Amino acid sequence: MYNSFNRIQNVFGFFTTVACVFGAFIAATDLFSPREPSGVIRPDNIQVVKGRPHYYSTRKEEYAVIRFSLEADLSSLFTWNTKNLFVYVTADWPGPDNTTNSAVIWDSIITNPSADHLLNIGPATLKKLRKSSVGKSIDPSRGKLKLKNQRPKYQITHPSGKVAQTQDVTLKLHYNVQPWVGLLTWNMPRDLFLWKSVSGGESDGFTLPTLKMKESNDGKTKAKTKTKKATA
């Protein structure tokens, strides 16, 4: 005879197995949902300046600020199993020994209507999102981005402290799909069944400009010096 503890273990094990099988089935349904992301990205305004790139920086160094324009349609990445979509833009350029330098300059999170409550936003914005998604399991307008002369969130730096006149820099669009159940998925390097790689999503190569020097005004700016009196 099984005691009560053994029976509880058996029941728990049965329901765990059922939950795992059901979760695997849900995750597999994503494979039959077509993904056809596309995008066009280009740099608008590029500057290289010298200073502290962020608040916690301990030294002055060269950093690049790249404004860009982006038109992308990522709406096909949203299915009933999509929790949210993480979108980001990187600046890539070749390094020594066939390596590639990559720096994120902008990112954003786009939620599915059923996951709007997870956003850290104010009640007024949340109310508008809920109103726009009433009666919709998937909002077709979500995932469609149209940014013009977008200011980057992050600057480009390098351990050497120099980035001016870096050549063959390209901007690339990336995404990360976070499902309710299943594995995280990133950009597809090649077409896989119904999942297509990003059409476009990469700018032409460009060169970072020379260092932008601050104009000095000798008539108004003077060096300040402090002197101490010698004590006998």
| request: Provide a single number: the residues in the range 3-37 that are of a type in the set (Gly, Ala, Ser) and at pLDDT 90 or above. | output: 0
| said: I need every pair where a residue in the range 14-35 that is under 10 Å from Val181 (Cβ atoms) has its Cβ under 6 Å from the Cβ of a residue that is open to solvent by 40 Å² or more (accessible area, probe 1.4 Å) and modelled with pLDDT of 85 or more, sequence separation at least 6 or different chains. | reply: Gly23/Val181; Ile26/Val181; Ala27/Val181; Ala27/Gly182
| Can Asn176 be described as modelled with pLDDT of 85 or more, buried (at least 16 other Cβ atoms within 10 Å of the Cβ) and either touching a helix residue (DSSP H, G or I) at 6+ places or on another chain (Cβ under 6 Å) or in the same structural domain as Asn45 (by the TED database) (or both)? | yes
| note | Scanning the range 162-190 residue by residue, those of a type outside the set (S, T, N, Q), under 21 Å from Asn81 (Cβ atoms) and not in a strand (DSSP E or B) turn out to be Trp180, Val181, Gly182, Leu183, Leu184, Met188
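The values are calculated or read from the model by the stated rules, or taken from the named source; none is laboratory data. What you are looking at is a predicted structure, and each value in this text was computed from that prediction instead of being measured. Glycine gets a Cβ as well: all are built from the backbone with ideal geometry, and neighbour counts include every protein chain shown. Ligands, DNA and RNA are stripped out before the accessible areas are found, and what is left, the full protein with its side chains, is counted by its heavy atoms. Shrake-Rupley method; radii C 1.70, N 1.55, O 1.52, S 1.80 Å.
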